[in-house]
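Encoded as structure tokens, the structure appears first; notes follow it.
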Amino acid sequence: MRSRSQYLREMGLTPWALTTDTRGIASQHVEPASSDVEPLGKVPPSGWASLQQQVGNCTRCNLHTTRKTTVFGEGDPKADWLLVGEAPGAEEDRQGLPFVGRAGQLLNRMLFSVDLARDEVFVANVLKCRPPDNRDPFGEEVSTCVSFLHQQVTFIQPKIILAMGRFAAQALLRTDQTIGQLRGRIHRYPAYDIPLVVTYHPAYLLRSPQAKAKAWDDLILALAEFDGAAGSENV
Ligand code: URA
């Protein structure tokens with residue numbers, strides 16, 4: 001694994017130009033699984049191929065009229081790490097693959113910096129179709145589409161989830177809290193008690209490079225949680 005300063009250099013930042021906010025890491029704590037939410041595990045786990053087909057044929061919302069293709073997600077369907085973004089952009093809509101544009105290149109560098117390869121993880125989005133002109137997803141689009149994501153979680157059973165950006169964090173945790181309120185601690189994906197870390201969306205990091213240091217802290221928090229959980233399995 002690269003050091004924090006190597007990571008920041010690879011991400012295009014000079015480490016000495018940064019102020020470090022480590023409060024999040026210091027204040028991390030484990031939240032109990034929320035009991036007041038309907039268990040997401042009730043989502044029937046369709047077979048993977050059938051789920052892919054359902055997404056590919058989906059006409060549940062208007063986005064199907066403007067998309068070029070659906071973007072199911074990509075990676076190992078039995079991955080330990082599940083990364084969740086917001087929605088496909090123009091390039092993803094063309095290729096049918098998540099995070100293949102500029103934000104995807106940054107995501108690849110972030111993964112590389114913690115020795116994770118794209119084919120070791122699964123990358124998905126809350127929405128499987130591109131909102132026109134890259135506008136924010138509408139609430140009803142999220143509520144219509146999110147069951148596909150919950151079924152993906154049910155099938156993959158990842159050991160850790162990284163929610164990238166507000167839409168992923170709020171949809172997975174069923175909250176309206178902000179990224180600022182959610183970062184810096186371990187949450188639990190409600191149905192399966194899977195540890196979940198919230199971080200900034202790579203597209204936001206492209207616009208606000210000063211936040212890359214905090215994204216590094218988030219990755220380290222996720223890695224520590226993953227390593228700790230993996231270690232305790234071997235005891
Ligand atoms: N932004 C996302 O949230 N997802 C993608 O797949 C690409 C850009």
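Between Phe138 and Glu120, full extension at 0.36 nm per residue minus the direct alpha carbon distance yields a gain of 3.4 nm. To the nearest 10, the accessible area of Lys78 is 120 Å² with a 1.4 Å probe. The modelled label-to-label distance between Lys159 and Gln95, using points 7 Å beyond Cα along the C-beta direction, is 2.8 nm. Put a dot 7 Å past the Cα of Gln210, heading toward its Cβ, do the same for Ser50, and the two dots end up 5.1 nm apart. Taking a Cβ cut-off of under 15 Å around Gln105, the surrounding Lys, Arg, Asp and Glu residues balance to a net charge of +1, with basic ones at +1 and acidic ones at -1.
Multiplying the residue separation of Asp76 and Arg102 by 0.36 nm and removing their Cα-Cα distance gives an extension gain of 7.2 nm. A protection proxy built from the mean count of other Cβ atoms within 10 Å ranks the segments 89-98, 148-157, most packed first, as 148-157, 89-98. Can you tell me how segment 98-184 classifies by the Cα gyration tensor, rounded, prolate or oblate, using a/c under 1.5 as the rounded cut? Rounded. Quick one: with all protein chains in place, what share of the accessible area of segment 59-233 is carbon or sulfur, to the nearest percent (1.4 Å probe)? Answer for segment 59-233: carbon and sulfur cover 48 percent of the accessible area. What does the accessible area per residue of segment 59-233 come to in Å², with a 1.4 Å probe and no ligands, DNA or RNA counted? Per-residue value: 38 Å².
The values are calculated or read from the model by the stated rules, or taken from the named source; none is laboratory data. Computed from a prediction, not measured in an experiment: that's the story for all the values here. Every residue, glycine among them, receives a Cβ derived from its backbone with ideal geometry; neighbour counts consider all protein chains shown. Please note that ligands, DNA and RNA were not included when accessible areas were found on the heavy atoms of the full protein model with its side chains. Shrake-Rupley method; radii C 1.70, N 1.55, O 1.52, S 1.80 Å.
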